[in-house]
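First the structure, in the form of structure tokens, and then the observations on it.
None of the figures in this text is laboratory data; all of them are computed from the coordinates on show. Predicted model only: the values in this text are computed from it and were never measured. Cβ: placed from backbone, ideal geometry, glycine included. Neighbour counts: every protein chain shown.
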Amino acid sequence: MVGLLSSIPYWGQSLLRVLGGIVAVLLPAGTIVYVFLFKMMSFMQSRLGPMEAGPFGSLQLFAEVGKWLQKEDLYPDRADRFIFKIAPLVVLASTFLLVAVVPFGPDAWFTDFEAGVFYALAVSSVSVLGILMAGWSSANKYSLLGGLRAAGQLIAYELPMVLAVIGVVIQAGTMNLQQIVVGQNAGSIFGWDGVGNPYVLTQFIGFIIFMISVQAELTQTPFDMPIAESELVSGYMTEYSGFRFLIFFIGEFATAGVFALIASVLFLGGWGVPFAWFGWTSVDSIDNWMNVVGPLIMFTKMMLLVFVIMWVRFSYPRFREDQLQRFAWKVLIPLSLVNIMATSVLKVAF
Amino acid sequence: MAKVPGLLKGLGVTLGTMVETVTKGANTVQYPHEKETPPIRARGVIALHEGNCTSCMLCARSCPDWCIYIEGHKELAPPRRAGGKPRQVNKLDRFDIDYALCMYCGICVEVCPFDALFWSPEYEYSEPRIADLLHDKSKLGEWMETVPEAPELEAGAEKKGKK
């Protein structure tokens, strides 16, 4: 917090952070939907996707949002109305809470939280509550089944995710996301500091497990059993229409973006460039322009990771419910436990 | 673990298709801007050659959907040769096909003994209102222009018709 920001009064800083949070959630969500959902998926199916609204269909998203906003706010007769109405907001709130710990630059962060990793993993499971609320309050058997499947899946894949992150935490020796970024970029591989020491190299198994769990947490195909449209209509979202569906939709893709941001912080070096390139030694010696370049680097890494998530989504068919649970409990969790043990042994050894 | 090569191959297929679409273009066409030409003998719409029709009603009776409506009356035409009797001809008043009902089976085209009905590859005749899909004989006659020439006969086959 040097220089520029400290001269702004507290309320001004808070306002900036709120605006920044909204941008950090909505901008990636919109970009992801247009670039990947509209265009990349179409290209992978040998078609062009939306082409009419704006150049190459780039304004299609605004048309879709406009369409959703003018729809009637419907709810089923026997729905638990209050719960039904706030459920999408709970899901979206978890996304906003999640982005609060992501560091975007040496000074460009929302909160510098010591237990950042712990907070992020805890808050990301709040969306399970929203999904269960939506499933239960809809008074619809498909919604209920979808909600229960989602809860089972999200809890099952929360574990390998947490366990995969523990490896990173052990190696970094801190739970502060900012410190994890600094640790990766200030580090060196056997004395060679050309690329720092991104943990994807040492924690490769952890990275794979984390990305698979993210795929499941986002309920993206092949883990889209909760919203399996061929059997459950649309799972817990079945009864939603208009802007409440829009909020679920934004929540899904914004969370994809935020999880990709967290993955890039944990494994790919986050906003940083290897400190050796510019002769920096610690966070305080970093030049101020990194606060502008840092978010751009983060955005690039996020797009890269979301590309992989979406690529997998568009390529594979859906897991069956039992296969999905078996994969989490019998493959991912034992593997991540082995990973933790190996990491701890190596940490002590070196 | 044994499934990993197959999984990677699957990813390769989608990535390959994406690269192909970006570099060589998609398999689809942007319909209202560019149009595909349907195959030459595509069954787009049924056209009517009014002069050949004798309002014999065979097509209307064979239609499984009962979507052909024919009305006609008899008229006296001048005799072919001098001093002959005036001929009686069937004059077609109404020949409508309701394309909201038609299922494009083509039985009417097959059954017509006087070559009055033809398949045309024309396909752009959608209407905002379902009742407007009832097309009358002048509209069916316009489509005659889009009917392709009959294909060449097979070697050795003889052309039927007036001697």
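Data overview
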quantity: Distance in nm between pseudo-label sites at B:V29 and A:V348 (7 Å out along the Cβ direction from Cα); calculated: 7.1 nm
quantity: The protein assembly as shown: calculated mean residue ellipticity at 222 nm from DSSP helix runs of at least 4, using -39500 (n - 2.57); calculated: -15500 deg cm²/dmol
quantity: Inter-part distance where the range B:3-23 and the range A:206-258 are each reduced to a Cα centre, Å; calculated: 23 Å
quantity: Candidates B:K137, B:K24, B:K74: whichever shows maximal mean-square fluctuation once chain B is modelled as a Gaussian network with Cα springs under 10 Å; calculated: B:K24
quantity: Residue (of A:L144, A:W68, A:L98) at the positive-pole extreme of chain A, dipole from beta-carbon charges; calculated: A:L144
quantity: Cα pair distances exceeding 18 angstrom across the range A:41-199, given as percent; calculated: 73 percent
quantity: Charge-dipole axis of the range B:45-146 as Lys and Arg at +1 and Asp and Glu at -1 on Cβ define it, positive-most pick from B:I97, B:F114, B:T146; calculated: B:F114
quantity: Tensor-based shape of the range A:254-350 (alpha-carbon gyration tensor, a/c under 1.5 rounded, otherwise prolate or oblate); calculated: oblate
quantity: Spatial separation of Cα centroids for the range A:42-69 and the range A:98-129, in angstrom; calculated: 32 Å
quantity: Per-residue Cβ neighbour rank within 10 angstrom, fewest leading, A:L97, A:L232; calculated: A:L97, A:L232
quantity: Relative contact order [Cα under 8 Å, 6+ residues apart], the range A:72-349, whole percent; calculated: 27 percent
quantity: Overall form of the range A:196-250 per C-alpha gyration tensor (a/c, 1.5; a/b vs b/c); calculated: oblate
quantity: For chain B, built as a Gaussian network whose Cα springs stay under 10 Å, the top-fluctuating residue of B:A47, B:A100, B:A60; calculated: B:A100
quantity: Fewest-first sequence of B:Y125, A:Y316 by Cβ atoms within 10 Å of each Cβ; calculated: B:Y125, A:Y316
quantity: For A:F275, A:F245, A:F56, B:F95, order by how many other beta-carbon atoms lie within 10 Å, fewest first; calculated: A:F56, A:F245, A:F275, B:F95
quantity: Dipole magnitude (debye, nearest 20) for chain B, charges at Cβ of Lys, Arg, Asp, Glu; calculated: 660 debye
quantity: Nearest 10 degrees, 0 to 90: helix A:60-69 Cα axis against chain A principal axis; calculated: 50 degrees
quantity: Of B:K35/B:K160; A:K67/B:K35; A:K67/B:K139, those spanning more than 32 Å from alpha-carbon to alpha-carbon; calculated: B:K35/B:K160; A:K67/B:K139
quantity: Quarter of Cα convex hull surface for chain B, i.e. mean projection, nm²; calculated: 18.3 nm²
quantity: Average partner coverage of B:29-39, which counts Cβ from other chains inside 10 Å; calculated: 1
quantity: Unit charges on C-beta of K, R, D, E only; dipole of chain A, Debye; calculated: 520 debye
quantity: Rg [Å, one decimal], Dmax [Å, integer] - the protein assembly as shown, C-alpha atoms; calculated: 33.5, 124
quantity: Protection proxy ranking, peptides A:333-343, B:138-148, average beta carbon neighbours within 10 Å, highest first; calculated: A:333-343, B:138-148
